[in-house]
1. Which ones in the stretch B:1-53 are under 22 Å from A:N65 (Cα atoms) and under 32 Å from the mean Cα position of the chain (by Cα)?
2. Restricting the search to the stretch A:113-140, which residues are of a type in the set (G, A, S) and outside any helix (DSSP H, G or I)?
3. Please find, among A:V30, A:V44, the residue that is among the hydrophobic types (A, V, I, L, M, F, W, C), at pLDDT 85 or above and out of contact with any Gly (no Cβ under 7 Å at 6 or more places or on another chain).
4. Do any residues in the stretch B:176-194 that are without any contact (Cβ under 8 Å) to a residue 40 or more places away in the chain and at positive phi have Cβ atoms under 8 Å from those of residues that are surrounded by fewer than 24 Cβ atoms within 10 Å (Cβ to Cβ) and of a type in the set (A, V, I, L, M, F, W, C), where the two are at least six apart or on different chains, and which pairs are they?
5. Which condition from (1) modelled with pLDDT of 90 or more; (2) part of a helix (DSSP H, G or I) is the one that B:T142 breaks?
6. Just checking, how many residues over the stretch A:161-203 are surrounded by 15 or more Cβ atoms within 10 Å (Cβ to Cβ) and in a helix (DSSP H, G or I)?
7. Name the single residue that is farthest from B:I80 (Cα to Cα) among those in the stretch B:15-41 being more than 12 Å from chain A (Cβ to nearest Cβ) and surrounded by 13 or more Cβ atoms within 10 Å (Cβ to Cβ).
8. For the stretch A:125-143, state whether one or more residues are out of contact with any His (no Cβ under 9 Å at 6 or more places or on another chain) and within 14 Å of another protein chain (Cβ to nearest Cβ).
Amino acid sequence: MKKREIALNGILNSNPTFRLVLGTCPTLAVTTTALNSLAMGLAVTFVLVCSNFIISLLRKVIPNNVRIAAFITIIATFVTVLQMLMKSFLPDLYSALGIFLPLIVVNCLILGRAESFASKNCVVDSVIDGLSMGIGFTLSLALIGAVREILGCGSIFSLSFGIGAPMSVFVLPAGGFLVYGILMAVINHITYKSEKSRLLKKDRTE
Amino acid sequence: MKSVVKTVLVLTLIALFAGLALGLVYALTAKSGSLPDKKALNSLVEASDYKELKLNGETALEFGTVKCVCVPLDENGKAIDDSLIFLTDGNSGFDGTVGMLILVKNGKVENLLCYENTETPGVGSNALTDSYLKQYVGLDITNDFKLKGSGDYWSKPKKQSGHEDDATEIEGYTSATRTSTAVVNAMSATHTYYVTNLNDLTEQINNLK
């Protein structure tokens, strides 16, 4: 797979949130505000890149029968490092993300990429994949968080518009499902259309 | 056999390096001392900065643990007045200890707030609200504290025994007796520490003036 293809894969075609539907739990729980979503996305990106790098580096050393245990240990180390750094330097964000920060350890996106990509590909490709998946995840979460914050709180990044009454249902779990479902439908529709037109164009040229 | 040894070796090495990395990051990020967040201290009493005092004598007391004593400072780094801020963990909460920040000035409780707790939200936390805690404001810290009716209280007689007979009686919060007890215990531990170390605390404040 070409590097450009890997880089675009996580953001568009294999977007972890809207296309692969991975990491749904933090997606729904943390996206009450755009800032929290962005922070969660960046936290996952950090862990993804670091764990992909180490796992890819050790892929020929880690025995196959204990690979999951080894992956979890590596991922948990980076999550704990992140937790300690956030607790020390960004305490407000640390408390806002709450339990979902340590739960990154069992985020199926990170474990999934470790198992399906980093353990089979070279270090450079694995880091690009981690970065691309992380950016895709961050953008998706920021989009959901921004929509929920605008509709539910009448603000964006805590800057209030001061117009109209906010619909607080969008900040609640029900609103999370609603926004997630609608955005997924819209994005899948656009992707399907563009894929169809691309194939038609390819057919005509042939 | 060879594969088993390799498996054990690889997992051990991964765990070892993980431990080393965590230890290193912990050493870099661990807070020096136990001074509470400036935000929490500011909501108790506004000051430019806060100076942690040296803890002398016994800090793990019968009803709680005095974790930190600090003094509010002005722009020049001098102690504003005789105010002391105690961070004390009160024992016997419903889910562990309850950390209280207590502002004491000239032997009187000036202000207090809950700094950290794991009490049940909506139940135990009712005994940690400003409206409940304000009953402590103005009370004499040189007197011990006890929950009203303690001693003959049917469900928690042991937890409340040991307070001084002339202790100031505090109203408990119905349905949050354990949390009310933890707050009383934090106050009681603060009282014991204050009375025992008053001379040393006064000397340390005077050095900062």
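1. Listed by number, the list is empty, since nothing qualifies.
2. Matches in the stretch A:113-140: A:S119 only.
3. A:V30
4. none
5. That leaves (2) as the condition not met.
6. Residues that pass the stated criteria total 10.
7. The extreme case among them is B:L35.
8. no
The values are calculated or read from the model by the stated rules, or taken from the named source; none is laboratory data. This is a predicted model, so every value here is computed, not measured. Counting neighbours? That spans all protein chains shown, and the Cβs are built from the backbone with ideal geometry, glycine included.
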